[in-house]
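K.L.:
Here it is: the structure, laid out below.
Nothing in this text is a laboratory measurement; each read-out follows from the coordinates by a stated rule. Bear in mind the structure is a predicted one, so any value in this text is a computation, not a measurement. A quick note on method: Cβ atoms are made from the backbone with ideal geometry, for glycine too, and the neighbour counts reach across all protein chains shown.
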Amino acid sequence: MPNYDIIPNLKEINGKWTFTATLGTDPITGKKVQKRRGGFNFKKEAYEAYLKIITDWEIEKRTLQDKSRLSNITFKTFLDEWFIPNYRNKIAPQTFRTRMSILQNYYHAFYLKDLKDIKKRDTTKWYNDLLDERRRQGKTSHNHVRLVKQLLGMIFDYAIELEYCTNNPAREIKSVKKDSTNITFWTIQEFKKVINTFFIDDFYQHFGFVTLDLMFMTGIRIGEASALKWEDIDFNKGIIDINKTLIYENAHRYHFGKPKTGSSKRKIAIDQDTLNVLKEWKERQEKIAPTAFVLSYNSIPTNKHTVSHILKRHAKLAGVKRITPHGLRHSHASLLIHMKEDPLILKERLGHSEILITLSTYAHLYPNRDFELANRLNNVLERNFSKNDLTRNQGNQHLKLNNHSKKIR
């Protein structure tokens, strides 16, 4: 027989049974949870209703507890357990390493806060503090700050996707203006001066010359150049096959990765002079430090830091401005633009995914093209006029307009 005594506050009112059950505390709101039921003709019906309420509440409470645990997740916990593992699988390893420096050093202000409690005022203060600190350090470029803010926005976007919060306070910050593009490159005259500083009887300097010459004459990225193997060069057809990039950690740890984009996987035709440079280097390399890598002087593929050191040293010797390894890529683009090559050829050669990338990156290198176009437009159109007034039957429109304006006055 049912034990009706367990039903809390069971009462009979006007021939109907009713009860009020206090079930506990809502894990999210912290408020007391009560359920009141009535209108039962028999105690047994009230008893069965009470048991159902208890059962349903246990299920609901577990759901609320899960939601409470999720909604109270801290920024640091979400960053480490959710965002970073997901982000790592979405971008190239070399890019992830540079982004990790940002993820580990710029968001301490939010670490102990619950995601759902971070508001626009918090992100705005963080952003202003970041800008102030960079000003104190004498840093005027805002591009890095924009990247830091962009990553914060991505963190909150992913949190919203996983239902840890409902809004993105990073997207509400008004960004500083993007810095104007400042591309540093060598002209052909400057590169000639640099070449003159190499003493290629020295094996290491020969390597340095070949590295800079190849990158200047092809526009390939440093990762693509480092990954290049002799088997990727067709000396008969004069073609370099760009099919991978090198992810370099140290002399003992490096591996291959996919090119930056799908369009980065390409074949580049090279001039005969550059082919001859490579042939001579191949013969010498095989005698002193044989390796499958084209750009290597010690059987280990070269890396960005080595190339940067070579650029710094020989720029100083040549008395020209210093550029980065990526500046050699810009130098190749500048050379092609100076030679008036079609932007589409430039796009294909550089491996850009869209022509807009090429045009937006190098538009400032076309300062005289508008004047050149204007000169080419000379004499394109012959302007021959009629000997007679072909409109005389229609009257003089100019006089009509003047008379009309006088009447209005």
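K.L.:
Chymotrypsin sites (Phe, Trp or Tyr not before Pro), restricted to the stretch 243-278: which are DSSP loop and have at most 16 other Cβ atoms within 10 Å? Don't skip to the end; give the middle numbers.
P.N.:
Numbers: sites: Tyr248, Tyr254, Phe256; in loops: none.
Answer by residue number: there is no such site.
K.L.:
Rg and Dmax of the stretch 188-365 over Cα atoms: what are they, in angstrom?
P.N.:
So, for the stretch 188-365, Rg and Dmax equal 15.6, 45 Å respectively.
K.L.:
Computed from the coordinates I sent, percent of Cα pairs over 33 Å apart equals one of (i) 60; (ii) 34; (iii) 65. Tell me the label.
P.N.:
Recomputing percent of Cα pairs over 33 Å apart here picks out (i).
K.L.:
On to the next question. Provide the packing ranking of 157-169, 11-23, i.e. peptides ordered by the mean count of other C-beta atoms within 10 Å per residue, highest first.
P.N.:
Working: 157-169: 15.8, 11-23: 13.6.
By packing density, highest mean first, the sequence is 157-169, 11-23.
K.L.:
Under a plain spin-label model, where a point goes 7 Å from the Cα along Cα-to-Cβ, how far apart in nm are Leu147 and Lys321?
P.N.:
2.0
K.L.:
Once you list every other residue whose beta carbon is under 14 Å from the beta carbon of Asn250, what net charge do they have if Lys and Arg are +1 and Asp and Glu are -1? Each step should come with its number before you reach the end.
P.N.:
Values: positive: Arg97, Arg253, Lys304; negative: Glu249.
After counting each charged neighbour, the total is +2.
K.L.:
May I pose another question? So if each residue of separation counts as 0.36 nm, and I subtract the Cα-Cα distance between Gln104 and Lys387, what length gain in nm does that give? Present the calculation step by step, with values, prior to reporting the outcome.
P.N.:
Working: separation 283, 0.36 × 283 = 101.88 nm, distance 8.02 nm.
My answer for the length gained is 93.9 nm.
K.L.:
Tell me, what ³J(HN,Hα) does each residue in the stretch 6-23 have, in order and in whole Hz, if you take phi through Karplus 6.51 cos²θ - 1.76 cosθ + 1.60 with θ = phi - 60° and put x for Gly and Pro?
P.N.:
My calculation for the stretch 6-23 gives 7, 7, x, 6, 6, 9, 10, 10, 6, x, 10, 8, 9, 8, 10, 10, 8, 9 Hz in order.
K.L.:
Here's a follow-up. Sort 44-55, 225-236 for me by packing, meaning the mean count of neighbouring Cβ atoms within 10 Å per residue, highest on top.
P.N.:
Values: 44-55: 15.5, 225-236: 18.2.
Those peptides, ordered most packed to least, come out 225-236, 44-55.
K.L.:
Sticking with this structure for a sec: Please compute the length gained on full extension between Leu359 and Glu280, using 0.36 nm multiplied by the number of residues separating them and subtracting their Cα-Cα distance.
P.N.:
On the way: separation 79, 0.36 × 79 = 28.44 nm, distance 3.60 nm.
Net length gain for the segment: 24.8 nm.
K.L.:
Let me ask something additional. Just add up the charged neighbours of Phe40: K/R +1, D/E -1, any other residue whose Cβ is under 13 Å from the Cβ of Phe40. All intermediate terms of the calculation are to be shown ahead of the outcome.
P.N.:
Working: positive: Lys11, Lys16, Arg36, Arg37, Lys43, Lys44, Lys52; negative: Glu12, Glu45, Glu48.
Summing Lys and Arg as +1 and Asp and Glu as -1 gives +4.
K.L.:
Here is a further query. Less than 14 Å Cβ to Cβ from Leu350, Lys/Arg counted +1 and Asp/Glu -1: what total charge do the surrounding residues give?
P.N.:
On the way: positive: Arg221, Lys260, Lys265, Arg266, Lys267, Arg329, Lys347, Arg349; negative: Glu224, Glu341, Asp342, Glu348, Glu354.
Result for the local shell: +3.
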